[in-house]
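Visitor: Sending over a structure as structure tokens; questions will come in a sec.
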Amino acid sequence: MEKIKITIVDDHLLFSQSLSFLIGSFKEFTVIGNYNNGKEFISSFSENTEKPDIVLLDVNMPIMDGHETIKWLKENNPELKVLALSVNDDEDTIMKMITNGAKGYLLKDTHPNTFKEALMEVYNKGFYYSEMVSGFLINKLGNNENKITLKDREVEFIRLACSEKTYREIADGMCLSPKTIDGYRENLFQKLEIKTRIGLVLYAIKHKIVCI
């Protein structure tokens with residue numbers, strides 16, 4: 001059986017090598033490249049190198065970080081499946097990586113079994129959302145989806161919330177006051193039974209309000 005090809009983009013040499021060793025212990029996978037930052041990785045495309053099936057992309061790197069790299073990949077190689085890796089679990093970082101095309105987001109202290117599961121899910125299904133990112137959220141949304149009716153302006157707000165715009169910028173774009181936008185947000189949080197902007201993003205992805 002042909003192995004699933006993995007490329008690692010991470011500036012921490014010890015972590016990168018350890019990750020390569022771990023992946024090498026999985027019979028389904030093989031590492032075909034290691035790069036220290038996004039610029040090195042992107043440069044490899046001009047050298048006619050073999051393209052990976054999955055890219056493991058560190059978020060915080062010098063020269064060209066994960067945010068810049070995934071934006072470039074979304075525009076130039078959108079078919080590549082990117083799994084983001086980070087030590088950060090803050091909402092803003094996760095949301096930016098997912099909305100820019102990451103098919104999953106894992107912390108670097110993830111258990112090896114979970115890591116392998118994530119690789120298989122991304123390869124076979126095209127995405128993997130861990131408990132940290134979604135948890136009970138997707139199941140809850142699925143259970144309540146028939147009860148939810150969204151107005152056109154609510155859908156417009158959700159689409160804008162899936163961008164990198166601030167809530168003030170969304171208010172300007174919709175020609176509404178920041179206070180009104182706060183009302184849209186809180187009403188949707190209550191209606192969809194979610195608590196964060198990440199929840200809005202995941203709802204939009206699940207229901208094809210936006211295409212990631």
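The values are calculated or read from the model by the stated rules, or taken from the named source; none is laboratory data. Everything numeric here is computed off the predicted structure, so don't read it as measured data. Here the Cβ positions follow ideal geometry from the backbone for every residue, glycine too, while neighbour counts run over all protein chains shown.
Visitor: For residue 22, which of the numbered conditions (1) in contact with a Phe, Trp or Tyr (Cβ under 8 Å, 6 or more places away or on another chain); (2) buried (at least 18 other Cβ atoms within 10 Å of the Cβ); (3) in contact (Cβ under 8 Å) with a residue 40 or more places away in the chain fails to hold?
Guide: (2)
Visitor: Across the stretch 64-96, which residue is nearest to residue 43 (Cα to Cα) among those that are touching a Leu at 6+ places or on another chain (Cβ under 8 Å) and among the aliphatic types (A, V, I, L, M)?
Guide: Across the stretch 64-96, the extreme among qualifying residues is 73.
Visitor: Can residue 49 be described as under 24 Å from residue 4 (Cβ atoms), among the β-branched types (Val, Ile, Thr) and out of contact with any helix residue (DSSP H, G or I) (no Cβ under 6 Å at 6 or more places or on another chain)?
Guide: yes
Visitor: Filter the stretch 174-190 down to the residues that are of a type outside the set (S, T, N, Q) and loosely packed, with under 15 Cβ neighbours inside 10 Å and list them by number. Let's see the steps before the verdict.
Guide: First, pick out the residues of the stretch 174-190 that are of a type outside the set (S, T, N, Q): 174-176, 178-179, 181-186, 188-189.
Those that are of a type outside the set (S, T, N, Q) and loosely packed, with under 15 Cβ neighbours inside 10 Å: 175, 178, 179, 182, 183, 186.
Visitor: Still on this structure, please answer the following. Using the structure shown, decide if residue 73 is outside the structural domain of residue 159 (by TED's automatic domain parsing), under 27 Å from residue 165 (Cβ atoms) and out of contact with any Ser or Thr (no Cβ under 9 Å at 6 or more places or on another chain). Reasoning before the result, please.
Guide: Details: outside the structural domain of residue 159 (by TED's automatic domain parsing): yes; under 27 Å from residue 165 (Cβ atoms): yes; out of contact with any Ser or Thr (no Cβ under 9 Å at 6 or more places or on another chain): yes.
The answer is yes for residue 73.
Visitor: Which condition number in (1) farther than 15 Å from residue 4 by Cβ; (2) among the polar types (S, T, N, Q); (3) more than 17 Å from the chain's Cα centre (by Cα) is the one that residue 25 fails?
Guide: (1)
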